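Heads up, the thing below is written out as structure tokens.
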Amino acid sequence: MARIAVIGAGMGAMAAAARLAVAGHRVTVYERGETYGGAVGRFERGGFVFDTGPGLLQLPAVWRDVFVKTGREPLEECVELVQVDPAARHLFADGSAVTLPNASRAGVVDALDAALGGGAGERWGAFMDRARIAWDRTRRPLLEEPLPEDVSPLARDPYPALRSGLLRRTAETVDEVGRRELRDPRLAALLGSYALTHGFDPRTAPASAAVLPYMEQTFGSWYVRGGMRELARAVYERCLARKVEFAFGAEVVAVSEKEGRACGLELADGRSVECDQVVAGVPLPSIGWPRAEQGAGALVVFLALRGGRPADTVHRTVVHGDGDALPMVTVERPDDPGTVPDAGHEAVRLVAPGAGEALVDQAVAAAEAAVPGLRSRVLWQEATVTGAARGPA
């Protein structure tokens, strides 16, 4: 049995801690904050509840696997998952709109053809075939297998090149894929919205980000009843059940080494921790691991509204802008009694790429396209800026 120190109490770190504990190791998690979950947080006020991080779950099979292999209770006995259908409604700057079904590539193609015409669905379907190739090339090495010692092949963008005349020319960015391959500003905006949702600029995000719409349209999107924080709670409780220990308010500033191996931690308060192995759930520049490049900042607006949620409301609406200042606003309206004080109110969350309180009014104004009469219904609003736009987990 090894003494293992896990740095950070984010979702991935907690999942690793639970798996290690089941394997018979003594595991302690060191988290600089005062709670678990990392970006998966919660904001509460006056009976209203909002996610502060990702609002939807994709690839629930990953979490099902974690729960199956760390205890008797499967994921669905620990949280309630609700498939979001339709997956999203998109409102474009030219006034056109399309509603996309959940987990149905054929349904998406049909919806795009009907709403946008001009072979839009056919072009999107061909793009999704290329996105599938990128997914197939990355799924096993990134999600299902230990990283190989030589990771250099993973540096090559897996998105396939299209033939242009006698040559094959590879699109390098999401924006380039949209312009060259989709050839419709609305389809390009649709593709770009997936990058923006996950905190990336389509003009610089690699073409392989095509896997983002592929995952959503192939495997679906899911809402965790009560908000994504409920999933974080379930993972935390699974760790406790497996005897994982947590030290909150314990910031790690360095990893101690002996004979080329990690042997302990140095904490910000001066304490030293001995261990046999270290698992880092966060970047550690102190030992030469570069901090991951952050995506674009995101403005998140919490809206407490008078009046209940209409029965035919779409969970997620993406309002596409026509400029760089506010390229899109995602409007989330969960059908969840646990997020409101009573049936006479509605909790709405807006997420927009960018930072700055100056964007709040613009975001609320844009969201009125999805929620008619929005501003007249506002009881109160709160806004915050996160380090990156928060998409599905």
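Every number in this text was worked out from the coordinates using simple rules, so none of it is lab data. Source: prediction; values computed, not measured. Heads up, the Cβs are rebuilt from the backbone with ideal geometry, glycines too, and the neighbour counts pull from every protein chain shown.
Rounded to whole numbers, the Karplus 3J(HN,Hα) couplings from phi for the range 248-257 are 8, x, 10, 7, 8, 10, 6, 10, 7, 10 Hz, using 6.51 cos²θ - 1.76 cosθ + 1.60 with θ = phi - 60°, and x at Gly and Pro. Evaluating 6.51 cos²θ - 1.76 cosθ + 1.60 at θ = phi - 60° for every residue in the range 71-78, the Karplus couplings come out as x, 7, 7, x, 3, 5, 8, 9 Hz, glycine and proline recorded as x.
The GNM of the chain, with springs linking C-alpha atoms under 10 angstrom apart, assigns the highest mean-square fluctuation among Ala18, Ala370, Ala115 to Ala115.
Less than 14 Å Cβ to Cβ from Val360, Lys/Arg counted +1 and Asp/Glu -1: what total charge do the surrounding residues give? All intermediate terms of the calculation are to be shown ahead of the outcome.
On the way: positive: Arg349, Arg375; negative: Glu357, Asp361, Glu368, Glu382.
It works out to a net charge of -2.
For the range 129-216, trypsin sites (Lys or Arg not before Pro) are listed when DSSP marks them as loop and at most 16 other Cβ atoms sit within 10 Å of their Cβ; the list is Arg156, Arg183, Arg203. Whole-percent P(r), the chain, all Cα pairs, 20 Å bins from 0: 25, 56, 19, 0.
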